[in-house]
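Peer 1: Next up is a structure, given as structure tokens.
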Amino acid sequence: MDIFSRILEANKGNNSDSFCFDDSEISDMLLEGDMAFPKTRNAMKCLNDYCKWPKSPSGQVEVPYTIASDFYDDEKAVIENAMKSITAKTCVCFVLRKNQVDYISIENLLGCSSAVGRSGGKQQLSLSVDGCVSHGIIEHELLHSLGFHHEHTRSDRDQYVQINWQNIPQASAYNFQKKDTNNLNTPYDYSSIMHYGRTAFAIQYGKETITPIPNPSVQIGQRKEMSNIDIQRINKLYECGEHITHI
Ligand SMILES: [Zn+2]
């Protein structure tokens, strides 16, 4: 199956086999390892706190952003709605950039990708109009920009999922490497919007790269909306305190 059929397939629904064309996947396949996007990601362990977005005295965390002018209005609305969904449940809000030095520049580039956390200066968040402008995928990329890694790479993942290395092309193996993450005392979350689907990056279409253990039939890889634990983690990382969640 070629890449475009796979994109169509991936966008059919939010079943457990759907997978996100995330990070460098499209660049791996189309650009043969083009390094347009950083492959090395900051840990959620934020030693100097710079990788977190700063909190204003009011207790709000303001993340400045710009949206490229080549998105249509309805696409912009989907992007802004995803931002609002985060704001509604946390103390993080997204503000149009005025003159802030550090900000997220949302652009229609190749694939869906984001740096993890605040990286300093302008940081691109790519949402290709061919497959990335959907609520769940945008939330996923925004969560990267807030400092979150993929769920299946967290430090204790080996107790919860098995990585089937034999089904993963070597060039994509870095997407499955375990990270030294700060798990914020939250349980492993199969339903996290940051979890890959079971066939993500498979060497052959349909082969499983991630299998939940001990129950292999647990659903993973949803891209509908943030799970309750995803929301809890934002509130913990940014110490949102008593912020009331509207669910
Ligand atoms: Zn991702």
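The values are calculated or read from the model by the stated rules, or taken from the named source; none is laboratory data. Remember, it's a predicted structure, so these values are computed and weren't measured experimentally. A quick note on method: Cβ atoms are made from the backbone with ideal geometry, for glycine too, and the neighbour counts reach across all protein chains shown. The protein model used for the area step is the full one, side chains on, heavy atoms only, and it has no ligands, DNA or RNA in it. Shrake-Rupley method; radii C 1.70, N 1.55, O 1.52, S 1.80 Å.
Peer 1: Have a look at the DSSP beta bridges in segment 41-156 and tell me what percent are antiparallel, nearest 5.
Peer 2: Here the share of antiparallel DSSP bridges comes out near 25 percent.
Peer 1: In terms of solvent-accessible area of protein heavy atoms at a 1.4 angstrom probe, what is the ranking of Cys46, Cys91, highest value first?
Peer 2: Solvent-accessible surface, decreasing: Cys46, Cys91.
Peer 1: Quick check: net charge around Lys122, other residues with Cβ under 13 Å of its Cβ, Lys/Arg +1 and Asp/Glu -1?
Peer 2: Taking every other residue near Lys122 into account, the sum is 0.
Peer 1: Additional query: So if we plug the beta-carbon distance of Leu184 and Asn99 into 1/(1 + (r/R0)^6) with R0 = 25 Å, what FRET efficiency do we get, rounded to 0.05?
Peer 2: Efficiency at R0 = 25 Å is approximately 0.20.
Peer 1: OK, next. If we sort 64-76, 111-123, 179-191 on the protection proxy, mean other Cβ atoms within 10 Å, highest first, what's the order?
Peer 2: So the order, starting with the most tightly packed, is 111-123, 179-191, 64-76.
Peer 1: How many Å² of accessible area per residue for segment 155-222, probe 1.4 Å?
Peer 2: Heavy-atom accessible area per residue stands at 47 Å².
Peer 1: Determine the dipole magnitude for segment 155-222: charges of +1 sit on the beta-carbon of Lys and Arg, -1 on that of Asp and Glu, nothing else is charged, the reference point is the Cα centre, and the result goes in debye to the nearest 20.
Peer 2: I would put it at about 160 debye.
Peer 1: Rounded, prolate or oblate: pick one for segment 90-194, where a ≥ b ≥ c are the square roots of the eigenvalues of its C-alpha gyration tensor, a/c under 1.5 means rounded, and failing that, prolate if a/b is larger than b/c, else oblate.
Peer 2: Judged from the Cα gyration tensor, segment 90-194 comes out prolate (a/c at least 1.5, a/b above b/c).
Peer 1: At R0 = 35 Å, how high is the FRET efficiency between Glu239 and Ile203 if r is their beta carbon distance? Nearest 0.05 is fine.
Peer 2: Working from the Cβ atoms, E equals 0.25.
Peer 1: Report the calculated FRET efficiency for Asn215 and Lys122 (r = Cβ-Cβ distance, R0 = 41 Å), to the nearest 0.05.
Peer 2: Efficiency for this residue pair is about 0.40.
Peer 1: List the pairs from Lys45/Lys179; Lys52/Lys122; Lys55/Lys98; Lys84/Lys178; Lys45/Lys236; Lys45/Lys178 whose alpha-carbon separation is above 19 Å, in the order I gave them.
Peer 2: Going by Cα-Cα distance, Lys84/Lys178 fall outside the 19 Å limit.
Peer 1: How high is the relative contact order of segment 114-183, given as a whole-number percent (alpha carbon pairs under 8 Å, six or more residues apart)?
Peer 2: Reported relative contact order: 32 percent.
Peer 1: For a quick protection proxy, order the peptides 167-173, 126-132 by their average other-Cβ count within 10 Å, most packed first.
Peer 2: 126-132, 167-173
Peer 1: Rounded to a whole number, what % of the accessible area of segment 155-222 do carbon and sulfur atoms account for, probe 1.4 Å?
Peer 2: C and S fraction of accessible area: 49 percent.
Peer 1: Pulled fully out, how much extra length does the chain show between Glu62 and Lys84, if you take 0.36 nm times their separation in residues and subtract their Cα-Cα distance?
Peer 2: 6.7 nm
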